[in-house]
Amino acid sequence: MRLHGDVSDDEEEGAVMDPALLSSSSPPAGAAAAAASRLVVGYALTKKKVKSFLQPKLLLLARKKGISFIPIDETRPLSEQGPFDIILHKKTSKEWQRFLEDYHEVHPEVTVLDPPNAIEHLNNRQSMLEEVADLNLSSFYEEVCTPRQLVIMKDPSSIPTAVAMAGLTLPLVAKPLVVDGTSKSHELSLAYDEASLPMLDPPLVLQEFVNHGGILFKVYIIGEAIQVVRRFSLPDVNTYDLLNNVGIYRLPRVSCAAASADHADLDPRIAELPPRPLLEKLGRELRGRLGLRLFNIDMIRELGANDRYYIIDINYFPAEGKINVSSRHISARVGQFNIVQVGVSSPLPKVGLAGG
Ligand SMILES: O=P(O)(O)O[C@@H]1[C@@H](O)[C@H](OP(=O)(O)O)[C@@H](OP(=O)(O)O)[C@@H](O)[C@H]1OP(=O)(O)O
Ligand SMILES: Nc1ncnc2c1ncn2[C@@H]1O[C@H](COP(=O)(O)OP(=O)(O)O)[C@@H](O)[C@H]1O
Ligand SMILES: [Mg+2]
Ligand SMILES: [Mg+2]
C-alpha cells in the first residue's frame, strides 16, 4: 500500500486505507506523510466519528491534494505534536476546550475548526436557536423562525402552569435541554395533554409541534458550500389525534430512523425545497452569528403556509451520510474535502477562539 505520491483511479476505488497509517501512531509514515504534506490537519474525534468521517476516499482524495490527517494524542501537550495547519474536532469536554484554548494562544495561526466556545452554543437546545430570532431576512418573502418554546429546568409539577402562562399550544415536543452526543440527548417525546406534562423529566425544552407535512429539510453548511436534503419526518398531528390521545409518547430518533425523501413521490407544496437564495442567506447569516463553519440545520415548512419555515435543530459537524444517496460519494467527498478547505480559506468574524 503506497502512502506517498499519486494513486491510480482503480486504487482510489478499491483502496482500503487505514487512517492510522496516515497518523502519528506510526511516526515514520505519519511524520513523513505530514512532512510531505502541503496542509496538516490534526483531528480529535470519537472512534465513531473517525469511522464515519475519515473514510478511505477522503484520505486518498486529501492526500492527492497534499493534505494529511494526523490524530491528536489528548494525553500529550498539543505543542509537542504537529505542527498543524488546522485542528478539526468534535469534542465537548471542558478539559479539551481548555487544552485547545491554551494551545491556540501560543499558535493563533492554526485554524480551529470550529472554536469550542462557538460549538458550545449548540450543546443547549435553547441557546442553539437564539441567533435564529435575530436573522436579517427582510429582503426575503419567506419567513424563518423557531417554534415557540419554553425551558423547564426542574420541578415537573410546575410544567402545566408554566405552559399555560406561556400560552403554548399542545401538542408539545419535549427535548432534553443538553445536547452532548449521548443517545439520551436525542430522546424526544410528544405530549398531547396538559395532565401528562408532570410526567416529563427536566431539564428540557418544550417546543410547540408544527405540522409540516411529514417532510424535513436538512441543510448542511460546510464553509460556503450548502447541501440540502429532504428527509421523512414525524407525521402531522390533527385535531382528531389531539382529542383521542393522552399521555407522553416517546419519539424514535427520527433523524437516523427516517429515510431519505429525496426521491419520494410527494405533494410538491410539501416536498419543494426551500429557495436556494434563502438557504445561501441563511448559511451566511448563521455562519457569522454562530461563528461556525461546519453545521447543519433541521428546517420544516409549516403545512399550508408555503413561505413560513421553522428551524428546529442545529447540529455541529454532523455526518455526511444523509447527503443525497445518488451522489453521496461525490457530495460526501466534496463535503468532507470542503471541510478541510474551509479550515484554510473561509474567513470568519473573530468569535472568541476564532480559527482565523
Ligand atoms: O441531531 P440530529 O438531527 O440527529 O443530527 C445528528 C447529530 O448531529 C449527531 O451528532 P451527536 O448529536 O450525536 O453528537 C451526528 O452524529 P455524528 O456526529 O456521530 O455524525 C449525526 O450525524 C447527525 O445526524 P444528521 O446528519 O441527520 O443531522
Ligand atoms: N417543533 C417541532 N415540530 C414538528 N416536528 C418536530 C419539532 N421538533 C422536532 N421535530 C421532529 O423531531 C425530529 C428530531 O427533533 P430534533 O430537534 O431535530 O432533535 P435531534 O437533535 O435529536 O435530531 C426532527 O427531525 C423532526 O422530525
Ligand atoms: Mg435533528
Ligand atoms: Mg440535533
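The values are calculated or read from the model by the stated rules, or taken from the named source; none is laboratory data. Keep in mind the model is a prediction, meaning the values are calculated, not measured. Note that we place each Cβ from the backbone using ideal geometry, even for glycine, and neighbour counts take in every protein chain shown.
At a glance:
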| quantity | calculated |
| --- | --- |
| Filter result for the condition that a residue is modelled with pLDDT under 95, away from ligand 4 (no atom under 16 Å from the Cβ), over 16 Å from V228 (Cα atoms) and in a helix (DSSP H, G or I), over R289, R269 | R269 |
| Extreme residue, nearest to the chain's Cα centre (by Cα), among residues of the stretch 74-111 that are closer than 21 Å to G181 by Cα, more than 16 Å from ligand 1 (Cβ to nearest atom) and touching a residue at least 40 places away in the same chain (Cβ under 8 Å) | I87 |
| Positions within the stretch 123-167 being farther than 24 Å from A195 by Cβ, surrounded by 13 or more Cβ atoms within 10 Å (Cβ to Cβ), touching a residue at least 60 places away in the same chain (Cβ under 8 Å) and not polar (S, T, N, Q), in sequence order | R125, M128, L129, E131, V132, L135, L137, F140, E142, E143, V144, C145 |
| Residue check for P252: away from ligand 4 (no atom under 16 Å from the Cβ) and within 16 Å of R231 (Cα to Cα) | no |
| Sole residue being small (G, A, S), at pLDDT below 95 and assigned to a loop (DSSP other than H, G, I, E, B), chosen from S68, S52, S79, S37 | S37 |
| The stretch 287-311, residues that are within 15 Å of ligand 3 (Cβ to nearest atom) and either under 28 Å from L54 (Cα atoms) or not assigned by TED's automatic domain parsing to the domain that holds E143 (or both) | F295, N296, I297, D298, M299 |
| Extreme residue, farthest from ligand 2 (Cβ to nearest atom), among residues of the stretch 224-264 that are without any contact (Cβ under 8 Å) to a residue 12 or more places away in the chain and among the aliphatic types (A, V, I, L, M) | L243 |
| Candidate set from the stretch 182-199 (those that are touching a residue at least 40 places away in the same chain (Cβ under 8 Å) and under 13 Å from R253 (Cα atoms)); member that is nearest to ligand 1 (Cβ to nearest atom) | H186 |
| Residue that is farthest from ligand 1 (Cβ to nearest atom), among those in the stretch 223-247 that are assigned to a loop (DSSP other than H, G, I, E, B) and small (G, A, S) | G247 |
| Considering residues of the stretch 200-210 that are closer than 14 Å to P156 by Cα and crowded, with 19+ Cβ neighbours inside 10 Å only, the residue nearest to ligand 1 (Cβ to nearest atom) | V205 |
| Top-ranked residue in the stretch 211-263 [being basic (K, R) and surrounded by fewer than 17 Cβ atoms within 10 Å (Cβ to Cβ); ranked as modelled with the highest pLDDT] | R250 |
| Some residue of the stretch 96-113 being within 16 Å of ligand 4 (Cβ to nearest atom) and within 30 Å of P203 (Cα to Cα) | no |
| Residues that are within 16 Å of ligand 1 (Cβ to nearest atom) and basic (K, R), drawn from the stretch 281-307 | R293 |
| Flag if V246 is within 14 Å of ligand 3 (Cβ to nearest atom), β-branched (V, I, T) and assigned by TED's automatic domain parsing to the domain that holds P176 | no |
